[in-house]
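This report refers to the structure that appears directly beneath it.
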Amino acid sequence: MEKIIIDCDPGVDDAIAILLAIANPNLKLMGVTTVAGNIGIDKTFTNAMKVIALSGRIDIPVFKGAYRPIMFPTGSITNVHGENGLCGMELPEPTQVDSGFHAVDFIIKTVMDNPGDITICAIGPLTNIALAMIKEPTLANKVKDIVLMGGAAFCSGNITSHAEFNFYVDPHAAHIVFDTARHVTMLGLDVTEKVDIRVGLCERLDTGNHIARTTSKMSRAYSINDPFLHDPCAIAYVANPSLFSSIEGNIEIDYLSKEKYGHCFVRTKSTSTKEAPLPSTRDCLYKVTIVLNVDSKALLDLIASSIASL
Ligand code: BDR
Ligand code: CA
């Protein structure tokens, strides 16, 4: 069983990712940490606790993290997830309370207490993960893997033509994570835009229990603005990597230019498809697994059946 932490900014697809992790028998969710992204930190924190309340698993702790990106506060740059971050869906009020323990400290403590065993699934801007890596220099060697949803390796962005939302919101954090990590697994828009809610997911969830029906309503509302299940891909990858295919490479983040701010540049052994913005000293390491394809039918089956089993 894989022990994971989910660092997230719920967000409807984050909410579905959390439910998938709770339902999946291959995963043990150690805790959920929250970051500002789709909406502000107070709402992402509350929404994460609401999703946990919906699942009935209030033993899973939730922690509040960074309230802004490292360099530039971006404010509300998208309304994809609506005012409340859950596309207007009212979930049960949380019964958990704020422990006051910071998300960054939870990440560090959990990884240090379980060396080599914890996979961090980062499905929001990477602020908390970057701060944890800066605060604890040995974290990079103690974490099993960092599996993240972010970037667009060989396709267009979704917030600008060059950048994907999570990398665009905090490109400095993304740079720190790729620069510091021993290994990263990146699931960008190349793969996540192959997982389309409109291919029958809601119809399947409609026939399930109240958690499934709530997820269906939320998904329908979200799919009007964004039909793709980005964040669940990262969770499904850890639970069932054989559904996916990938290449090995390096990633550099553009955190300097106006035109390509938040863009990720890919280097692989055989190709350097896009010119990197900065000289790289790490060309030979190829420490990023760049996931590019998925059996999307099998993944949608997995999501629908997992959530219906809660
Ligand atoms: C990412 O941005 C957010 O809107 C989603 O939750 C996902 O993490 C997709 O670009
Ligand atoms: Ca997210």
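The values are calculated or read from the model by the stated rules, or taken from the named source; none is laboratory data. Note that the coordinates shown come from a computational prediction; the quantities given were computed from them, not determined experimentally. Note: ideal-geometry Cβ built from the backbone for every residue, glycine included; neighbour counts use all protein chains shown. Keep in mind that these areas ignore ligands, DNA and RNA; they rest on the heavy atoms of the full protein, side chains included. Shrake-Rupley method; radii C 1.70, N 1.55, O 1.52, S 1.80 Å.
In segment 171-190, is there at least one residue being closer than 15 Å to GLU252 by Cα, small (Gly, Ala, Ser) and not in a loop (DSSP other than H, G, I, E, B)?
yes
Can you give me the number of residues within segment 205-257 that are open to solvent by less than 20 Å² (accessible area, probe 1.4 Å), more than 16 Å from ligand 1 (Cβ to nearest atom) and in a strand (DSSP E or B)?
3
Could you list, in sequence order, the residues of segment 154-170 that are in a loop (DSSP other than H, G, I, E, B), out of contact with any Asp or Glu (no Cβ under 8 Å at 6 or more places or on another chain) and within 14 Å of ligand 2 (Cβ to nearest atom)?
Within segment 154-170, ILE159, GLU164, ASP170 qualify.
From the list LYS109, LYS142, exactly one residue is more than 15 Å from PHE45 (Cβ to Cβ), basic (Lys, Arg), out of contact with any helix residue (DSSP H, G or I) (no Cβ under 6 Å at 6 or more places or on another chain) and modelled with pLDDT of 95 or more. Which is it?
Result: LYS109 is the single residue among LYS109, LYS142 that is more than 15 Å from PHE45 (Cβ to Cβ), basic (Lys, Arg), out of contact with any helix residue (DSSP H, G or I) (no Cβ under 6 Å at 6 or more places or on another chain) and modelled with pLDDT of 95 or more.
Cβ-Cβ under 6 Å, sequence separation 6+ or interchain: first residue in segment 39-58 and within 14 Å of LEU86 (Cβ to Cβ), partner basic (Lys, Arg). Which pairs?
Between residues of segment 39-58 that are within 14 Å of LEU86 (Cβ to Cβ) and residues that are basic (Lys, Arg), the close pairs are PHE45/LYS64.
Residue under question is VAL147, and the condition is that it be in contact (Cβ under 8 Å) with a residue 12 or more places away in the chain, outside any helix (DSSP H, G or I), β-branched (Val, Ile, Thr) and more than 16 Å from ligand 1 (Cβ to nearest atom); does it hold?
no
Do any strands (runs of 3 or more DSSP E) entirely within segment 1-91 hold 2 or more residues that are touching a Leu at 6+ places or on another chain (Cβ under 7 Å), crowded, with 23+ Cβ neighbours inside 10 Å and at pLDDT 95 or above, and if so, which?
Fully inside segment 1-91 and qualifying: 2-8.
Just give me the residues in segment 121-155 being farther than 23 Å from GLY11 by Cα and crowded, with 24+ Cβ neighbours inside 10 Å, in sequence order.
Scanning segment 121-155 gives MET133, VAL143.
Got at least one residue in segment 169-178 being out of contact with any helix residue (DSSP H, G or I) (no Cβ under 8 Å at 6 or more places or on another chain), free of Cβ contacts under 8 Å to residues at least 24 places away in the same chain and over 22 Å from LEU86 (Cβ atoms)?
no
Sort through ALA122, ALA103 and tell me the only one that's within 14 Å of ligand 1 (Cβ to nearest atom) and closer than 25 Å to LEU187 by Cβ.
After ruling out the rest, the residue left standing is ALA122.
Return yes or no: is ASP105 assigned to a loop (DSSP other than H, G, I, E, B), touching a strand residue (DSSP E or B) at 6+ places or on another chain (Cβ under 9 Å), open to solvent by 10 Å² or more (accessible area, probe 1.4 Å) and acidic (Asp, Glu)?
no
Filtering segment 108-120 down to residues that are of a type in the set (S, T, N, Q) and not in a loop (DSSP other than H, G, I, E, B), which residue is surrounded by the most Cβ atoms within 10 Å (Cβ to Cβ)?
The selected residue is THR119.
For segment 191-204, how many residues are touching a Lys or Arg at 6+ places or on another chain (Cβ under 9 Å), away from ligand 1 (no atom under 16 Å from the Cβ) and not in a helix (DSSP H, G or I)?
Result for segment 191-204: 1.
Looking at (1) in contact with a strand residue (DSSP E or B) (Cβ under 6 Å, 6 or more places away or on another chain); (2) closer than 19 Å to ILE18 by Cα, which one does GLY151 not meet, given that it meets all the others?
For GLY151, the failing item is (2).
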